[in-house]
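Remarks on the structure that follows.
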């Protein structure tokens, strides 16, 4: 739950492929790094002006997809692959080559400060006439920027002035045209700018009205200053945008998400209490919700008890009055135990129970729950801790008053900090030297109550309260390490969901853990967008688009979490299809008895499991530089892979809302009933070769969930699609392979599920003297496949099963009884 209604030595980042060292004027006599109060301001300035990172490139850097073109400064221009990427680069800018396609950019200043804004240069508009061989044209850009302190959204454009303040990833597209007889031949390349962490300073990008690209560095603490940042921005170049981001954000020894321990709850259907109850969550309501989901045939197997279970006090909430959304931001934690609602609950045996433990055991037993998570904030609660509470004072809470950076204030101010006046009334911040004890005590208690994991919210708050506590980078590092050590010590299964943690202070701290191979300590799931707001019709399409685009960046280091949704809602199927192709956990926040089981049964199998795709769902390559929300013409396509197939979700996000921080903010566009048309191709699925294999014909079987139609296409071919506002479709893309030199076959999977191909676990071939047999492992339901020839028989777990075959479209169908385990199907030819 996010509840805003807008919505070091190897410790400081890093570039992924580096071992590094930092020299800084910070005291490190304790686990928490803070400024040395005995050091003079002049000494601090002198030492911190030298703070920098040194890098040693690891052997094995993979760059096979890149063209050799080390970024260099020449004649005042930044040249990448021999072409001008930025012009008019100021003389104080420094470029340090890193690999044959990448470099770091930084700059020096004449005086030391805690915040600097440096110009990097202007966007190149092509070559001068005396360089006629190549021409750089049609440059487009994608920015991922923080529009509030907590969250990122995308913005597309074609000049530096389109790059917002607080940009955390910038991707440029450049088309290269050869002049001469083949001047129509074009290739596309990409330039990635990643503002990173340099010593105690965090970087971000921005454009200005003069069309100049700038970067900003800030420590968040007026006592921590520098006059230079030499490695503030990482620049890389390549011809595949997804490989480019992946290679830029991973280490040779410890790549990101593929090496993490993923919590088991990801593969099961869940229910979160927030939008069902808000802070009025209570034991009986939870039981009612679990019961109604189970009786409808889609049992929840994991539960998130969101905000409302803790022992808090709130001077802003009038006792006896109903909960008003937003008032929770003024609350403070009084103890680590549950509140009165969860004490003395009644079990099925009508005996009074002792508290949270008996309640958790009761619902696990009666509803076959596998996992129960509870919510808490990074500082315990929104307003931190009660300063004088006997149950909490051992953590030495101190009142801190948030101070937002100029970058945050330039975009959208946030309700949780502004309207509930966190800045005025302060946060009861836990003593950094006690934070490990706090997390350990809290999590030990939760484990003793049968709780399996936690959702940790409000994480970006650290960047606003670091005055006197070190830099925002070191404070974030310290709290994250304490949190993840406690998770690893107390919980099994790496059981944490991070939330409101979309600043690069947090994102690149994750990469530090990957570089150190501290896999057991590193969180694997992070919320990827602002909240799902069921009461606001203008945010539904924005939510889907924001998560998809943010996953380009976040998906290399975490499994992006798409948040909860209502299954009974005007946008329910829109959200359901997005989760089906998102490669994420699937959970709803339905009120008890308010469910659309037709939609839920397209996501959830009878045993409560879900067909989760392999990767984070991201926009297709031809969507990267289009605005799927506000340009009035573009569809959003989200691609993914399963074990044996690809999948594409197509969405019309136009006309139902507008991005924040734009002139049309909060307005609904005209012509909301207009139909948007586009093209879909098997080529929209990246890395299809991972599932195609050597027997691939080069063609694919494509199945439309909406129409139930099956057709055959070459990989490069496309077909048209037209969708009204908030309509969507999902296409299974299955490579057609040749078996026994004559049979062409492609599994579709469970055609009654949105991600049908997720049900196919493997396809194998055996030959004997009399027949060719294709063996498939999968899940129960209505199974479909493409087959060039009608099978002579089909065996289900070695028993003959009736089937249908259409010679018109080569569609093979067989009904598989739902089971709690995989089935084996054999097609005999």
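Is it true that residue 657 is closer than 23 Å to residue 531 by Cα, touching a helix residue (DSSP H, G or I) at 6+ places or on another chain (Cβ under 9 Å), at pLDDT below 95 and buried (at least 24 other Cβ atoms within 10 Å of the Cβ)? Criteria met by residue 657. Within the stretch 604-622, restricting attention to residues that are touching a strand residue (DSSP E or B) at 6+ places or on another chain (Cβ under 7 Å) and over 17 Å from residue 560 (Cβ atoms), the residue that is surrounded by the fewest Cβ atoms within 10 Å (Cβ to Cβ) is 609. Report the residue count in the stretch 353-381 for those that are touching a helix residue (DSSP H, G or I) at 6+ places or on another chain (Cβ under 9 Å) and modelled with pLDDT under 95. Final tally of qualifying residues: 2. Scan the stretch 282-339 residue by residue and report those that are at pLDDT below 95 and part of a helix (DSSP H, G or I). Matches in the stretch 282-339: 327, 328, 329, 330. Taking the criterion of being outside any loop (DSSP other than H, G, I, E, B) and over 19 Å from residue 691 (Cα atoms), the residues of the stretch 622-648 that qualify are 622, 623, 636, 637. Taking the stretch 142-159 on its own, how many of its residues are over 17 Å from residue 412 (Cβ atoms) and either within 18 Å of the chain's Cα centre (by Cα) or buried (at least 24 other Cβ atoms within 10 Å of the Cβ) (or both)? Going through the stretch 142-159 one residue at a time, the tally reaches 1. Tell me, yes or no, whether the stretch 768-780 has at least one residue that is more than 32 Å from the chain's Cα centre (by Cα), part of a strand (DSSP E or B) and surrounded by fewer than 18 Cβ atoms within 10 Å (Cβ to Cβ). Checked against the condition, which is being more than 32 Å from the chain's Cα centre (by Cα), part of a strand (DSSP E or B) and surrounded by fewer than 18 Cβ atoms within 10 Å (Cβ to Cβ), the stretch 768-780 yields at least one hit. Picking from residues in the stretch 256-277 that are at pLDDT below 95, part of a helix (DSSP H, G or I) and out of contact with any strand residue (DSSP E or B) (no Cβ under 8 Å at 6 or more places or on another chain), the one that is surrounded by the fewest Cβ atoms within 10 Å (Cβ to Cβ) is 258. Looking only at the stretch 452-477, residues that are in a loop (DSSP other than H, G, I, E, B), surrounded by 24 or more Cβ atoms within 10 Å (Cβ to Cβ) and either under 19 Å from the mean Cα position of the chain (by Cα) or on the phi > 0 side of the Ramachandran plot (or both) come to 2 in all. Only residues that are surrounded by 15 or more Cβ atoms within 10 Å (Cβ to Cβ) and either farther than 20 Å from residue 635 by Cβ or not assigned by TED's automatic domain parsing to the domain that holds residue 680 (or both) were counted in the stretch 696-714, giving 6. Going through (1) at pLDDT below 95; (2) in a loop (DSSP other than H, G, I, E, B); (3) surrounded by 24 or more Cβ atoms within 10 Å (Cβ to Cβ) one by one, residue 224 falls short only on (1). Kindly evaluate residue 764 against the criterion of being touching a strand residue (DSSP E or B) at 6+ places or on another chain (Cβ under 9 Å), under 24 Å from residue 298 (Cβ atoms) and assigned to a strand (DSSP E or B). So residue 764 does not fit the description; no. Touching a strand residue (DSSP E or B) at 6+ places or on another chain (Cβ under 7 Å), within 16 Å of residue 582 (Cα to Cα) and either assigned by TED's automatic domain parsing to the domain that holds residue 731 or at pLDDT 95 or above (or both): does that describe residue 628? In short, no. Checking the structure you have, find out if any residue of the stretch 721-734 is within 24 Å of residue 647 (Cα to Cα), modelled with pLDDT under 90 and in a strand (DSSP E or B). No, the stretch 721-734 contains no residue that is within 24 Å of residue 647 (Cα to Cα), modelled with pLDDT under 90 and in a strand (DSSP E or B).
Please indicate, with yes or no, whether at least one residue in the stretch 405-428 is closer than 26 Å to residue 149 by Cβ, assigned to a loop (DSSP other than H, G, I, E, B) and at pLDDT 95 or above. Taking every residue of the stretch 405-428 in turn, none turns out to be closer than 26 Å to residue 149 by Cβ, assigned to a loop (DSSP other than H, G, I, E, B) and at pLDDT 95 or above. In this entry, residue 563 passes the filter for residues that are under 26 Å from residue 286 (Cα atoms), under 12 Å from the mean Cα position of the chain (by Cα) and at pLDDT 95 or above.
Of the strands (runs of 3 or more DSSP E) lying entirely inside the stretch 40-124, the ones with 2 or more residues being modelled with pLDDT of 50 or more and either out of contact with any helix residue (DSSP H, G or I) (no Cβ under 9 Å at 6 or more places or on another chain) or closer than 30 Å to residue 241 by Cβ (or both) are found at 72-74, 77-80, 83-87, 93-97, 102-113, 115-123. Residues that are modelled with pLDDT under 90 and surrounded by 12 or more Cβ atoms within 10 Å (Cβ to Cβ) within the stretch 668-695 comprise 668, 669, 672, 674, listed in sequence order. Scanning the stretch 527-538 for residues that are outside any loop (DSSP other than H, G, I, E, B) and either buried (at least 24 other Cβ atoms within 10 Å of the Cβ) or in the same structural domain as residue 660 (by TED's automatic domain parsing) (or both) yields a single hit, 527. Every condition in (1) touching a helix residue (DSSP H, G or I) at 6+ places or on another chain (Cβ under 6 Å); (2) buried (at least 21 other Cβ atoms within 10 Å of the Cβ); (3) at pLDDT 95 or above is met by residue 580 except one, and the failing one is (1).
The values are calculated or read from the model by the stated rules, or taken from the named source; none is laboratory data. Worth saying up front: this structure is predicted, and the values here are computed from it rather than measured. A quick note on method: Cβ atoms are made from the backbone with ideal geometry, for glycine too, and the neighbour counts reach across all protein chains shown.
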